[in-house]
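Everything on this sheet refers to the single structure shown next.
Just so it is clear, none of the values below were taken in a lab; they were calculated from the coordinates. The structure displayed is predicted, hence computed values, not measured ones. Heads up, the Cβs are rebuilt from the backbone with ideal geometry, glycines too, and the neighbour counts pull from every protein chain shown.
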Amino acid sequence: MAHVTYRIVEHDGGWAYKAGETFSETFASHDEARAAAVRAAREQRAPDESAVIEYADDNGDWVTERADGHDRPATDVEG
């Protein structure tokens, strides 16, 4: 099973969450960025629903694929 860690980091004059090398939008506070990361992590774990997902691969290219609802990554939030 895949694992995704969302890390809260300072970014572009504010705070963001980062998964791999990809940053979220910038938030005014650490708490806002953390809350957004928790929402993103929860959405990634949503069971029993197939969905179209998008993510940046190791080369920074965006990939769109259909994910089986039974094949969700484990997630956590650090920071």
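For the structure I just gave you, tell me whether Arg7 is outside any strand (DSSP E or B) and in contact (Cβ under 8 Å) with a residue 24 or more places away in the chain.
No.
Which of the residues belonging to segment 10-50 are over 18 Å from Trp62 (Cα atoms), of a type outside the set (Val, Ile, Thr) and part of a loop (DSSP other than H, G, I, E, B)? Step through it out loud before you land on a result.
Here is the first cut: in segment 10-50, the residues over 18 Å from Trp62 (Cα atoms) are 10-16, 26-39, 41-43, 45-50.
If we keep only those that are of a type outside the set (Val, Ile, Thr) too, we end up with 10-16, 27-37, 39, 41-43, 45-50.
Matches in segment 10-50: Asp12, Gly13, Ala28, Ser29, Ala46, Pro47, Asp48, Glu49, Ser50.
Mind counting the residues in segment 13-25 that are more than 14 Å from the chain's Cα centre (by Cα) and surrounded by 14 or more Cβ atoms within 10 Å (Cβ to Cβ)? Give the derivation first.
Restricting attention to segment 13-25, the residues satisfying the condition of being more than 14 Å from the chain's Cα centre (by Cα) are 13-15.
Now narrow it down to the ones that are surrounded by 14 or more Cβ atoms within 10 Å (Cβ to Cβ): 14-15.
Total satisfying the criteria: 2.
Take segment 26-79 and flag every residue that is within 23 Å of Glu10 (Cβ to Cβ), surrounded by 12 or more Cβ atoms within 10 Å (Cβ to Cβ) and either over 15 Å from the mean Cα position of the chain (by Cα) or of a type in the set (Lys, Arg) (or both).
Those that are within 23 Å of Glu10 (Cβ to Cβ), surrounded by 12 or more Cβ atoms within 10 Å (Cβ to Cβ) and either over 15 Å from the mean Cα position of the chain (by Cα) or of a type in the set (Lys, Arg) (or both): His30, Arg34, Arg39.
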